[in-house]
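One structure below.
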Amino acid sequence: MMLKRTSIILLSTFVVAMVMLFAAHQAGAFSQPDGICTDTEKKNFECFQSAGYLVEIVPDASGNFPKIDASYNSVFTYKITKVDATKKITLVDLLIPNNCATKLAIPNSFPGGKLFTDATGGPITNFGQGLTLDDTWWWNYSGWGNVISLTIAGNNVGVEHNAMLLGTLTIFPHQWGKGEILAPGCRPLGAGVLSSAECINLYQSDTENLSMNVGRALDSCIIENEVVFYYSSNCTGDPIYPTFSEPAEGFVYKSGTQGGCPEMVKVRKASPACVELTLKSGRKTTVCYPPSP
C-alpha cells in the first residue's frame, strides 16, 4: 500500500493464534540479590538500574518469585540499593494489571501504600496516567535504599514484567528512576503466554518494501522478542531482528488512551523508507529499507 510522507498506524488486537512458554517465570529460576544486574538478569526483568539506584527482585531461598507467606499469599519483594545516587527516593510506583480474570487483591504492603485506579496514575508523578489496563500501586517510601514488598492474595499469582518508577527529590521527571521488573501479573506461574501473530504490510513501492511480523500477548501488548521486519510486503525473505533503544530521557510510562499499550508504528515514505516502532515500555527501534544503488 502507498502511504503519505508521514502516517501513523495504531496496531489493533489480533486473534489468539498460538501458545508460548516464558521460561524465565518458572519457579526456582531466580538468584538472590547480589548488587549486580547482569545482562541475563536484566533481560529476564530481574533487575534494573536507574537514577543511581539498583532494583532487584528478592526470591525465596529456593529461587521462587514471588515468595509464598504463612497465609498462602504471594509476596513480591524488591531490594533497592544506592549505587551512586545524588537524590533521595521520595516514593515508589508500580503498574498493576486490572484486567485479570480474577482481580488481583492487595491485603498489605511494606511500607504501606495505596492503589490508584481509573487511569488516574500515581500521586505527584502521574505514573500510569491514562493506562486503562493498569492501575498504579504507590508505596509511601522515603530513603536511600531499602527492601519494599507488595502482597497479593493467593499462592498462584501470575508474574509478568511491568514498569516501576522511583520518584526522587526533584521536580524534573528525567531525574526519576524508571525501568521494568517482574511484578504481579495475570498468569499463574509456569502457565503459557497466549499470543497472536500477524504480518503487517508497512510500505510498498516498485523498489522499496517493508513489512513487520508481530506477536501480541493476551492483553494485546506487543511482545518485544516477537518483532521481526522484512524487506518485502508479506513477511517473506530474510528476517531482520531489530535492536531496541532504551526509553527516551524523561519517559514516565503514561499514555495509551486505548489501554496499557501505546505501541505505535510510524512510517515515512522516502528513500530509504523507514519505520519506527515504539513499545509500551518506551523502547524504540527504527528499520529502514536500504537506499537504492
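Data overview
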read-out: Condition check for LEU54: of a type outside the set (Asp, Glu), within 26 Å of GLU224 (Cβ to Cβ) and touching a residue at least 60 places away in the same chain (Cβ under 8 Å); value: no
read-out: Single residue of the range 77-114 satisfying the filter (loosely packed, with under 15 Cβ neighbours inside 10 Å and hydrophobic (A, V, I, L, M, F, W, C)) that is farthest from PRO59 (Cα to Cα); value: ALA101
read-out: Test set (1) in contact with a helix residue (DSSP H, G or I) (Cβ under 8 Å, 6 or more places away or on another chain); (2) modelled with pLDDT under 90; (3) assigned to a strand (DSSP E or B); (4) not acidic (Asp, Glu) - LEU182 fails condition number; value: (2)
read-out: Residue satisfying all of: in the range 157-171; in contact (Cβ under 8 Å) with a residue 40 or more places away in the chain and surrounded by fewer than 16 Cβ atoms within 10 Å (Cβ to Cβ); nearest to LYS87 (Cα to Cα) among these; value: LEU169
read-out: Listing of strands (runs of 3 or more DSSP E) fully contained in the range 30-124 that carry 3 or more residues being of a type in the set (Ser, Thr, Tyr) and assigned by TED's automatic domain parsing to the domain that holds MET164; value: 74-82
read-out: Cross-chain or 6+ apart pairs with Cβ under 8 Å, the range 231-243 first and within 15 Å of LYS284 (Cα to Cα) and outside the structural domain of VAL267 (by TED's automatic domain parsing), then assigned to a loop (DSSP other than H, G, I, E, B) and among the basic types (Lys, Arg); value: none
read-out: Scan of the range 72-129 for residues that are among the charged types (D, E, K, R) and within 24 Å of SER50 (Cβ to Cβ), ordered by number; value: LYS79, LYS82, ASP84, LYS87, LYS88, ASP93, LYS114
read-out: Selected residue (only one of SER142, SER211 is in contact with a Ser or Thr (Cβ under 8 Å, 6 or more places away or on another chain), closer than 24 Å to PHE127 by Cα and modelled with pLDDT of 85 or more); value: SER142
read-out: Considering residues of the range 32-56 that are surrounded by 16 or more Cβ atoms within 10 Å (Cβ to Cβ) and in contact with a helix residue (DSSP H, G or I) (Cβ under 9 Å, 6 or more places away or on another chain) only, the residue modelled with the lowest pLDDT; value: ASN44
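The values are calculated or read from the model by the stated rules, or taken from the named source; none is laboratory data. Not measured: the values here are computed from a predicted model. Please note: Cβ atoms are built from the backbone with ideal geometry, for glycine as well, and neighbour counts cover all protein chains shown.
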